[in-house]
Amino acid sequence: MRNRFRQSVFAGVLTAVFAYVLVIALASVSSAQTQPSESLRVLALEPGVKATVVAPTRVDHRAPVELILYALPNGNTTEETMGRTMADRVGWRFDIQHIAAQTRAFRARGYAQTVLVYLEADRLSWPEWRRTLGYPRANARIVALVDELRRAIGNPPTLSVTLASHSGGGSFAFGFIEGQTDLPAWLDRLVFLDSDYNFAAVHGPPLARWLRAASRHRLVVLAYDDREIMLDGKKVVSDSGGTWRATRRLRDYFVHTEGVTFADDTVAGFERARAPQMELLVHPNTQNRILHTEMIGEMNGYLHALLVGRASYDAGPPLLGAPRAYTAQVRGGVVLPPAQPPAIPTPSRRGAGAAIGGRAFMASIDSLVREPREQAVQRELLNGNIPDFLRALRTVRDSATTADGRLHAIEYDVMPDYLAVGSNDDFVRMPMTPRTAQAFATAYGFVLPTRRMVDAIWRAADDQLNPQPLTEWREASATFQQHHQLIEAQRGARDRTRLVAGIKKDVVVSNRLLERADRVAIYGWHYQTGRPIQPLYVGHVDWYVDYSHGVRMVRRSMRVDGVSMTFEQIATHPELHVLVSDEGPLQTPRADRQNPA
């Protein structure tokens, strides 16, 4: 048990070199771990996050849907967290949480439309993930990740979301709280499974406002008296650390600041404090045992936390405590599929709730000032309101010789045209800030090009059109639409999946963004001779947008000499960077160096 605790608590907390890698995989698999009625998808989200989605094969969005986001404990993989039947040479970690089996038991109690997402951080440590990324940016990214996951399952109108965490996974939950002023109304349940270590007074007000906002909102905390537990003759937690003290701080906040009255009793060996919409369960641990994982798996803690507060469950005996209530639901092991980028959502074009067309969208933003306009553009893009022809990526091939004299070939896939809002028959190419562009790229597995890549894309283009500059009202939405119409008149009836260039300046990534963090880098708009109108330029502030700016999306996953590599791996490589960068190795592979999300 000593070894188990040492590995479970401290593994994965080593300092890691953080890589900006986004790969999102969506793949259905059949395995012994998933029942015939389950499908499994793997999403690897930038930067360094893997989300494994296990859902019923069919989900009726007209009926209630439960989404459980489960932030993994330190040192545990998704497969270990799922759990499995034990056999020779199967590690002990597979038998301590059994989140897959407990979720199946939850579905069997009347919640069949439950989707479970395992959230695994790079290096198997959410505290380290946040520390490495920087807390403000990490917190904002966590908020965006949750939104991306809701979209990934279709974001049905009947969706009920639970955010659960175990051990170091609590860092994800606190990042979600800290990353926004108020917790969203669609979050129905927060579950801390021995994971509320970091609770501080700053977390109290948003939690209290969230609980007051709707009677269905519920906070459940599971902890134990860890003040005196020992490992190798030494106390495990400091004199101010541990979840016993954290849970006491949480209770004291609600009692003394919010005026909440708790009713105290015991259940299944736990000391229980109940208040409207809250349940705090603390095991007294009189034998000073390490109950860190035992409470979650052996004592059905996760399953109880999902069910408590639901009338049908509260009316009967609780499942909290041994023996396991889910033994019949344990399955064999699973091999997760390889990761692939996510599909951009495909919105409805007909009937109620149909996505807005390009012309109507331009009319809707015509009177908006800069920030509301950008928010509207970002909303439409993230919801997938783009022409379908942009989804038909084209392959660009290039080559370069590295310093050692070796010739290398690269292939990368690009959208055939610049980002636009609307349908194939009614769209407008949309200038936008680098922040908006980066938000779309990050969500769906793309990057923005470099200067060298813009040149390569122009050379590979099927249609190299003439630039058409305008001189008046450059920043007006009406001018955006006017320029789009000029491009359309020149393009005529050509197949829209053909690769087109020469029609916009590109928003690019560049080391020159290091000169000023609050700038946008633009380049290109090539004449038919191949000479660009716009040299690489970082003179505009990052909120500046005019009609000439375009955003070309490039798939993050590329191929160098036939081997798959990410853009970041190539662009930062001491030799291979020459395939994508003429500025040396890239030090800032994003277009929005200040954007925290």
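The values are calculated or read from the model by the stated rules, or taken from the named source; none is laboratory data. Note that the coordinates shown come from a computational prediction; the quantities given were computed from them, not determined experimentally. Please note: Cβ atoms are built from the backbone with ideal geometry, for glycine as well, and neighbour counts cover all protein chains shown. Side chains included, ligands, DNA and RNA excluded: accessible areas come from the protein's heavy atoms. Shrake-Rupley method; radii C 1.70, N 1.55, O 1.52, S 1.80 Å.
Observations
- If the condition is being more than 27 Å from Leu579 (Cβ to Cβ), open to solvent by 30 Å² or more (accessible area, probe 1.4 Å) and part of a helix (DSSP H, G or I), then the range 454-484 contributes Ala478, Gln481, Gln482.
- Residue within the range 562-578 that is open to solvent by less than 60 Å² (accessible area, probe 1.4 Å), of a type in the set (Phe, Trp, Tyr) and part of a loop (DSSP other than H, G, I, E, B) present: no
- Checking each residue in the range 495-542 for being over 30 Å from the mean Cα position of the chain (by Cα) and of a type in the set (Val, Ile, Thr) picks out Val500, Ile503, Thr529, Ile533.
- For the range 490-517, the set of residues classified as open to solvent by 10 Å² or more (accessible area, probe 1.4 Å) and within 23 Å of Trp473 (Cα to Cα) consists of Gln490, Lys505, listed by residue number.
- Scan of the range 324-372 for residues that are polar (S, T, N, Q) and either touching a Pro at 6+ places or on another chain (Cβ under 9 Å) or more than 30 Å from Met558 (Cα to Cα) (or both), ordered by number: Thr327, Gln329, Ser348, Ser364, Ser367
- Selection from the range 429-478 of residues that are closer than 19 Å to Glu380 by Cβ and of a type in the set (Val, Ile, Thr): Thr433, Thr436, Thr442
- Subset of the range 246-263 (residues that are part of a helix (DSSP H, G or I) and not basic (Lys, Arg)): Ala246, Thr247, Leu250, Asp252, Tyr253, Phe254, Val255, His256
- Of all residues in the range 187-236, those satisfying the criterion of being open to solvent by 50 Å² or more (accessible area, probe 1.4 Å), closer than 22 Å to Asp252 by Cβ and not β-branched (Val, Ile, Thr) are Tyr197, Asn198, Ala201, Arg209, Arg212, Arg227, Glu228.
- Boolean, Leu306 is within 30 Å of Met558 (Cβ to Cβ), in a helix (DSSP H, G or I), in contact with a strand residue (DSSP E or B) (Cβ under 8 Å, 6 or more places away or on another chain) and touching a residue at least 24 places away in the same chain (Cβ under 8 Å): no
- Selection within the range 261-303 - free of Cβ contacts under 8 Å to residues at least 40 places away in the same chain, open to solvent by less than 50 Å² (accessible area, probe 1.4 Å) and in contact with an Asp or Glu (Cβ under 8 Å, 6 or more places away or on another chain): Arg272, Ala273
- Condition broken by Leu336, with the remaining ones in (1) assigned to a helix (DSSP H, G or I); (2) in contact with an Asp or Glu (Cβ under 8 Å, 6 or more places away or on another chain) satisfied: (1)
- Apart from one condition, Leu281 fits all of (1) within 14 Å of Asp226 (Cα to Cα); (2) in a loop (DSSP other than H, G, I, E, B); the exception is (2).
- Tally of residues being in a loop (DSSP other than H, G, I, E, B) and more than 21 Å from Gly134 (Cα to Cα) across the range 184-205: 4
- Gln534 vs. criteria under 16 Å from Trp458 (Cβ atoms), of a type in the set (S, T, N, Q) and surrounded by 15 or more Cβ atoms within 10 Å (Cβ to Cβ): yes
- Neighbours by Cβ (under 7 Å, 6+ apart or cross-chain): first from the range 235-256, more than 16 Å from Ser167 (Cα to Cα); second open to solvent by 60 Å² or more (accessible area, probe 1.4 Å) and not in a helix (DSSP H, G or I): Lys235/Glu228
- Of the residues examined, Arg349 is one that is touching a residue at least 12 places away in the same chain (Cβ under 8 Å), out of contact with any strand residue (DSSP E or B) (no Cβ under 6 Å at 6 or more places or on another chain) and at negative phi.
- Among the residues of the range 498-549, just one is part of a loop (DSSP other than H, G, I, E, B), free of Cβ contacts under 8 Å to residues at least 60 places away in the same chain and hydroxyl-bearing (Ser, Thr, Tyr), namely Thr529.
- Members of the range 47-70 found to be among the β-branched types (Val, Ile, Thr) and either at positive phi or surrounded by 14 or more Cβ atoms within 10 Å (Cβ to Cβ) (or both), listed by number: Val49, Thr52, Val53, Val54, Val59, Val65, Ile68
- Beta carbons closer than 7 Å, at least 6 apart along the sequence or on distinct chains, never pair a first residue in the range 90-112 that is polar (S, T, N, Q) with a second that is surrounded by fewer than 20 Cβ atoms within 10 Å (Cβ to Cβ).
- Summed over the range 335-369, the residues that are β-branched (Val, Ile, Thr) and surrounded by 12 or more Cβ atoms within 10 Å (Cβ to Cβ) give a count of 4.
- In summary, Arg137 fulfils each of the numbered conditions (1) under 15 Å from the mean Cα position of the chain (by Cα); (2) within 23 Å of Leu306 (Cβ to Cβ); (3) open to solvent by 10 Å² or more (accessible area, probe 1.4 Å) with the single exception of condition (2).
- Every listed requirement among (1) touching a residue at least 24 places away in the same chain (Cβ under 8 Å); (2) open to solvent by less than 40 Å² (accessible area, probe 1.4 Å); (3) of a type outside the set (Val, Ile, Thr); (4) within 27 Å of Phe254 (Cβ to Cβ) is met by Pro184 save one, (1).
- Evaluating Glu279 against the criteria (1) under 31 Å from the mean Cα position of the chain (by Cα); (2) closer than 26 Å to Trp92 by Cα; (3) at pLDDT 95 or above leaves one unmet condition, (2).
- Counted as qualifying within the range 62-158 are the helices (runs of 4 or more DSSP H) with 2 or more residues that are in contact with a strand residue (DSSP E or B) (Cβ under 9 Å, 6 or more places away or on another chain) and aliphatic (A, V, I, L, M), namely 99-108, 135-152.
- Test: residue in the range 393-405 that is without any contact (Cβ under 8 Å) to a residue 40 or more places away in the chain and farther than 30 Å from Gln102 by Cβ: yes
- If the condition is being touching a Phe, Trp or Tyr at 6+ places or on another chain (Cβ under 8 Å) and under 22 Å from Ala591 (Cβ atoms), then the range 416-432 contributes Pro416, Asp417, Leu419, Ala420, Val421, Val428, Arg429, Met430, Pro431.
- Of all residues in the range 396-418, those being closer than 26 Å to Arg491 by Cβ, assigned to a loop (DSSP other than H, G, I, E, B) and acidic (Asp, Glu) number 1.
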